[in-house]
1. In this structure, does residue 143 turn out to be of a type outside the set (Ser, Thr, Tyr), farther than 20 Å from residue 86 by Cβ and without any contact (Cβ under 8 Å) to a residue 40 or more places away in the chain?
2. Name the single residue, out of those in region 56-72 being closer than 21 Å to residue 101 by Cβ and without any contact (Cβ under 8 Å) to a residue 40 or more places away in the chain, that is most open to solvent (accessible area, probe 1.4 Å).
3. Among the residues of region 165-177, write down those that are surrounded by fewer than 22 Cβ atoms within 10 Å (Cβ to Cβ) and touching a residue at least 24 places away in the same chain (Cβ under 8 Å).
4. Please verify whether region 42-60 includes one or more residues that are within 15 Å of residue 166 (Cα to Cα), hydroxyl-bearing (Ser, Thr, Tyr) and not in a loop (DSSP other than H, G, I, E, B).
5. Looking at 102, 125, which is the one that is touching a Gly at 6+ places or on another chain (Cβ under 8 Å) and of a type in the set (Gly, Ala, Ser)?
6. Go through (1) at pLDDT below 95; (2) in contact with an Asp or Glu (Cβ under 9 Å, 6 or more places away or on another chain); (3) open to solvent by less than 60 Å² (accessible area, probe 1.4 Å) for residue 158 and report which single condition fails.
7. Looking at 143, 108, 172, 101, which one is within 13 Å of residue 68 (Cβ to Cβ) and touching a Ser or Thr at 6+ places or on another chain (Cβ under 8 Å)?
8. Assuming residue 47 fulfils every condition listed in (1) modelled with pLDDT under 90; (2) open to solvent by less than 70 Å² (accessible area, probe 1.4 Å) apart from one, which condition is it?
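The values are calculated or read from the model by the stated rules, or taken from the named source; none is laboratory data. Since the structure is predicted, the reported quantities are computational estimates derived from the model, not experimental observations. Because the Cβ atoms are built from the backbone with ideal geometry, glycine has one as well, and the counts that use them run over all protein chains shown. In case anyone asks, the SASA skips ligands and DNA or RNA and just uses the protein heavy atoms, side chains included. Shrake-Rupley method; radii C 1.70, N 1.55, O 1.52, S 1.80 Å.
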Amino acid sequence: MHRSVIVGTSLVALLACTSASTASTNGLAIGHVPLPAVDLIELVGPDYNWLDADDLQRNELNLTARFAVPNSVDISPADRGSWEHLQDGRMMWRLRVFSPGAYHINFGFGTFVLPDSAELTIYSADGRDIMNTLTSMDNPASGEYWTRVIHDEEVVIEVSVDPDERQALMDGLVITSINEGYRGLGAPENRDE
């Protein structure tokens, strides 16, 4: 009996979290600036030969296994990305990130303070893997945020915001790490597959 209560409570909590956050891919809709015209950060992509050799050494030293290659960056909506006006009067900021050969990409935000009107999501360029939308309710006390991985070699960060809070978004969002996934978390065990 006790187990079914825990499972039922967990399911209700999961459904509540899921329904509270809906995913958005406004930027993929017709009528917006086409995705190829959105500002692009292009990374080199994982060097699989070097990573395979380095991972063997790391295993011999009993070091923690990696799933991605981190890249330190300093990117905000104030200096990169593409802005456009939406029909409802809001504004949308988007940034594309491409890592050729990566199986997944995730981000670390050194500053993550979304203004009240902001809605942020990250999705694969093909729209198949979409992160739930984040709002100011998701602002962490630490001011830092790490996203889940998005399964694709090209992903889009998208934020819509009221025009009067555009500056607050530019001040409150700074990407400090782009991580190029090369194994685990859905990546094939054998890259030849």
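1. Values: of a type outside the set (Ser, Thr, Tyr): yes; farther than 20 Å from residue 86 by Cβ: yes; without any contact (Cβ under 8 Å) to a residue 40 or more places away in the chain: yes.
Spelling it out, residue 143 is indeed of a type outside the set (Ser, Thr, Tyr), farther than 20 Å from residue 86 by Cβ and without any contact (Cβ under 8 Å) to a residue 40 or more places away in the chain.
2. Looking at residues that are closer than 21 Å to residue 101 by Cβ and without any contact (Cβ under 8 Å) to a residue 40 or more places away in the chain, I get 56.
3. 165, 166, 168, 170, 171, 172, 174, 176, 177
4. no
5. Values: 125 fails: touching a Gly at 6+ places or on another chain (Cβ under 8 Å).
Checking each option against the conditions leaves just 102.
6. Failed condition: (1).
7. The match here is 108.
8. (2)
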